[in-house]
Amino acid sequence: MRLDRAFTALLCAAALAACEKNAVQDITGPLPESQIKFFNFGVGAPPVNFYANDRKMTAVLSSDTVESTSGVTYGNVGAGDYYTGIDPGQYTLSGRISAAEDKDRPISSLDVTIVAGKKYSYYQSGFYDTVAKSVDAFIVEDDFPEEIDYTRAYVRLVHAIANAEPLTLYIKERTTGEEYVIGGEVAYKSAGPFVPVPNGVYDLAARYAGSDEDVIVRTNVTFAIKKVYTIGARGDMTVTSTTDATRPFLDLTSNR
């Protein structure tokens, strides 16, 4: 699990610091009670580092251990797709430009309340305004059950496309042809519920309400038992290229 890896990294950091002369280590403090992921899904948005108030939550290191200016680029997730620990409380979450030009300028910002024991995902979304240097942002709770059915996978949809109508996610098992509806309509800046499905290899399709037309598709996606997944709809619905980075796309990330 990702928490296990994070805890292991914490212990390793403590062990390295202990090599310093006269170092006194205290690793008895509690780990953060809540967790959060950060997504840069704002079309045209520059790379960013994500912050909670003035605490940097994501960054990229270069080979010489100096922070890289590359940041979290469009279509990617901060912290290597892992959750980052955060204490409960009131925060201003933001994405700040990581490049040397306009360094640390916020392009997205959202005031939120983080509740103890909960998991969240923060999304930069919509379209980047190059004049105002701003982009949309929203947060959703990753409210999958702690006690899950270990014979199933869990799947939900998050809608981050500003010029798309509410979307419904359909998944079809490639071997059996069985189709499942994942939670119903999801509006922009919101998330559907996590739905349990059999493990297997699926073709995914997002459709508008009352339509059988697939407006976004992705094929050959594996959902494994005991895992929890978010399908994030991102991009620009006017792009028709099948290779353009800003085309409508169904992103896959694991929550567990």
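Derivation of every value follows stated rules applied to the coordinates shown; laboratory data play no part. Predicted, not measured: the structure shown is a model, and the values here were computed from it. Cβ placement follows ideal geometry from the backbone for every residue including glycine, while neighbour counts extend to all protein chains displayed.
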Inset, instruction - Beyond 31 Å between alpha-carbons counts as too far, so tell me which of Lys37/Lys133; Lys103/Lys226; Lys56/Lys172; Lys133/Lys172; Lys133/Lys227 fall in that bin. - result: Lys103/Lys226; Lys56/Lys172; Lys133/Lys172; Lys133/Lys227
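For the chain, divide the Cα radius of gyration by the Kirkwood radius and give the resulting Rg/Rh value with two decimals.
1.00
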Legend entry - Cα-centred dipole magnitude for region 148-256, charges only on beta-carbon of K, R (+1) and D, E (-1), debye, nearest 20: 520 debye
Legend entry - Cα centre as origin, Lys/Arg/Asp/Glu Cβ charges: the chain dipole, Debye: 380 debye
Inset, instruction - With everything on Cα atoms, drop me the angle between helix 2-17 and the longest principal axis of the chain, reported from 0 to 90° to the nearest 10. - result: 20 degrees
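Do the sum for the chain: with -39,500 (n - 2.57) for every DSSP H run of n ≥ 4, divided by all residues, what is the mean residue ellipticity at 222 nm, to the nearest 500 deg cm²/dmol?
On the way: 1 runs with 16 residues, N = 256.
Taking each H run of at least 4 residues, the total per residue is -2000 deg cm²/dmol.
At a Förster distance of 41 Å, what's the computed FRET efficiency of Asp54 paired with Asp244, Cβ-Cβ distance as r, to 0.05?
Numbers: r = 36 Å, r/R0 = 0.87.
The pair Asp54/Asp244 has a calculated efficiency of 0.70.
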Inset, instruction - Only bridges with both residues in the chain count here: give the DSSP antiparallel percent, nearest 5. - result: 80 percent
Inset, instruction - Determine the distance separating the Cα centre of region 123-194 from the Cα centre of region 203-224; give it in Å without decimals. - result: 12 Å
Legend entry - Over 25 Å [Cα-Cα, region 148-256], rounded percent: 16 percent
